[in-house]
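Here the structure is laid out as C-alpha cells; the discussion comes afterwards.
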Amino acid sequence: MNHPDTNVRAQAAPGVSAAAAAAVVFDRNRLRIEDIAAIAAGRAAAALSDDPAFRAAIARGADFLDRLLREDGTIYGVTTGYGDSCTVTVPPELIAELPHHLYTYHGCGLGEYFDAPQVRAILATRLASLCKGYSGVSIGLLEQIAQLLQHDLLPLMPSEGSVGASGDLTPLSYLAAVLCGERDVWRAQQRVPAVQALTEAGLRPLRLRPKEGLAIMNGTAVMTALACLAYERAGYLMQLATRITAMASYALDGNAHHFDETLFSVKPHAGQQRIAAWLRQDLDCEQPHRNEKRLQDRYSIRCAPHVIGVLADALPWMRDSIENELNSANDNPIIDADNERVLHGGHFYGGHIAFAMDSMKNTVANIADLLDRQMALLVDTRYSNGLPSNLSAASGPRAAINHGLKALQISVSAWTAEALKLTMPASVFSRSTECHNQDKVSMGTIAARDCLRVLTLTEQVAAAMLIAVRQGVALRASIPASAAATAPAAALETLPDGRLAAMQRMLAADIPLVEEDRMLEPDLRRLLACIAGRKWPLYEA
C-alpha cells in the first residue's frame, strides 16, 4: 500500500506477524476509505499511536469527566438515564453500573451476522472516531479495541436492529459487551466465548468507565464502515462494467465512434468523459467507419458512458461524505476538555451516509440494468449482428441440442430485477422511536446494507456478462468481415492484439469456451471470487 496522505505507516503492530508490514496508525489524523478497507481485508494491521501528545489529549477528556463527577455535575448518559430517560437521575452509587446496562439491554439484534471483513471495518471505524479525543474515553478503551483487531477477535454482531440515529446502538452493543468479556467472538473461523478469547490472548475484560458505553455505541460506525467497503467495490465495478461494455461492443460488431473524444467534449461531465476515454482505449476508434455497420448502436452500448458515468461522477462526493463521517467525533455528548464544556447534540445522526448509500445503490443498480440489456442483445440473433443463438459455440449436429447461455440470461434478469427493487431510498422511511425522543432517524445502516446487497447482485450480473462477452468476443473474432456464420470452435481466439485481447486471454484462463452445455455455477463463483479479489488490472484511475 502507498497512500502518502493517509495514516498507513511502515511499522508492524504489536501482536501482528512480521508479514503484516504496513499498519494503519490511529491517532487524531485523517484516515481514508482505503485505510479501513485494508484493515477489513487483512492487508494492514491496526496500531494505536504511542505519541505522547495524542495520548495526553485522550486523557484530558477522561480526566475532565472524572472532575465533573466529583463536583456533582449533571452529564447526560453518565449521571442520567439514556434517551427519553435523560430526566432520570442516577444515584451516585449506581453510576458505575450504567454503561453495562446500556449494552445489556441493547443486546437484541437479529438477522445475519456481519462477516469478518465487515466487523474489522466496524471496529476500525469506531476506533477512528474515539481517537478524535472528544468522547471522554480512556486510552485503555482505545487499546482494547486495537487489541481486538490485532488478535482478530471479532464480535459476533447481528446486522439488523439499527435505525441509524441515535447511532448504531444495537449492533455496537455487541462490541461493548465483548470488550467487557461478554457474548461471543469469531476467532479463526470459530465461535468462542468472549471471556475465553480475551483471556487466551492475554487481555483482561474491561470495566467501562462513565460515558464509555455511550461513546462506543452512540455513533455511526456500522453504517460508515459498510459505506467504506461499498465504495471500494463500486469503484472496481465501475471499471469492470466499462471493460465489459467494450467487449460487448466488439462482440456485437458495434460502432466505436460513439465514444469519440470531440463528441464527449461537448457534454463536460468529467466522470462520463473518463468512461468514454477508457472505451476509446479498449476499442480501435481510429479505424475508418465501415458503411455496412449500423449507424447508431442501441442505447445499452451507445449510452454506456452516460450510465456508468453517473457513478463515476458521484464517487468523488461520496468519498467526501464517507471520509468526513469516518473522521468525525459522532457520539453524544461531545466532551470539549480543553474548554471544559459538555456539548449536547446529534452527531450520531447518519444522514450523509444514508444519502450516499441510497445514491450509490441507485447508480449501481442502473449498471446492472445496463449489463442486463447488453446481455439481451448478445443472445438474441435479431440484434447480435451474426452471432449464434444464445452465444452457443456448438457446431454440426450437436448444435441442435445445445442451448448456450439461455438460462444464464434468465438468471441475469432475475438478479437485475432484485437489484432494481432495492433502490427505494431507505432514508425516506424514518420512524419515530424510543418514546418519540428519536423522532427523526436516518436509516443509514439499512441504506448501507441495501447498497451492499445491490453491489452483490450487480457483481453477479457482471460475472455472468464476463462469461457472455468472453463467449461473444471469441465467436465474433472467428467471423470474417464479409460473413455472418459462426466458424468452428477450433478457429476461435483470433482477436487482434490489444487491451481486449489481453482481457480475453485472462478470462480464457478461468472460463473455458461453452461449446457443450455445462453447469455454469462453478464458473460464476470463480468469477465472483476474481471480482472480490480485484484480479484483473483494468484502467488507470
State whether one or more residues within the range 217-240 are in a strand (DSSP E or B), modelled with pLDDT of 95 or more and not hydrophobic (A, V, I, L, M, F, W, C).
no
Going through (1) within 30 Å of A165 (Cβ to Cβ); (2) open to solvent by less than 50 Å² (accessible area, probe 1.4 Å); (3) modelled with pLDDT of 95 or more; (4) touching a Ser or Thr at 6+ places or on another chain (Cβ under 9 Å) one by one, I446 fails only at (2)
Return the residues of the range 183-202 that are over 17 Å from P171 (Cα atoms), among the hydrophobic types (A, V, I, L, M, F, W, C) and part of a strand (DSSP E or B); say none if nothing qualifies.
V192
Which of the residues belonging to the range 333-350 are surrounded by 19 or more Cβ atoms within 10 Å (Cβ to Cβ) and either of a type in the set (A, V, I, L, M, F, W, C) or within 20 Å of R67 (Cβ to Cβ) (or both)?
P333, I335, A337, V342, F348
Among I308, I301, I353, the single one that is surrounded by 22 or more Cβ atoms within 10 Å (Cβ to Cβ), assigned to a helix (DSSP H, G or I) and within 15 Å of the chain's Cα centre (by Cα) is I353
I'd like the residue in the range 156-169 that is outside any loop (DSSP other than H, G, I, E, B) and open to solvent by 10 Å² or more (accessible area, probe 1.4 Å) and, out of all such residues, is nearest to P333 (Cα to Cα).
L169
Only residues that are open to solvent by less than 10 Å² (accessible area, probe 1.4 Å), among the aliphatic types (A, V, I, L, M) and outside any helix (DSSP H, G or I): list them for the range 109-155, please.
V137, L153, L154
Selection within the range 416-437 - modelled with pLDDT of 95 or more and not in a helix (DSSP H, G or I)
L422, T423, M424, P425
Out of all the residues in the range 42-75, which are part of a loop (DSSP other than H, G, I, E, B), open to solvent by 40 Å² or more (accessible area, probe 1.4 Å) and at negative phi?
R43, D50, D51, E71, T74
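With the requirement that a residue be part of a loop (DSSP other than H, G, I, E, B) and either among the polar types (S, T, N, Q) or open to solvent by 80 Å² or more (accessible area, probe 1.4 Å) (or both), what does the range 384-415 give you? Step through it out loud before you land on a result.
Taking the range 384-415 as the starting set, the residues that turn out to be part of a loop (DSSP other than H, G, I, E, B) are 384-388, 392-395, 401-405.
If the condition is that a residue be part of a loop (DSSP other than H, G, I, E, B) and either among the polar types (S, T, N, Q) or open to solvent by 80 Å² or more (accessible area, probe 1.4 Å) (or both), then S384, N385, S392, S395, I401, N402, H403 are the ones that fit.
The values are calculated or read from the model by the stated rules, or taken from the named source; none is laboratory data. Everything quoted here is computed from the prediction, not taken from an experiment. For neighbour counting, all protein chains shown are included, and Cβ atoms are generated from backbone atoms with ideal geometry for every residue, glycine included. The accessibility values were calculated without ligands, DNA or RNA, using every heavy atom of the protein model including side chains. Shrake-Rupley method; radii C 1.70, N 1.55, O 1.52, S 1.80 Å.
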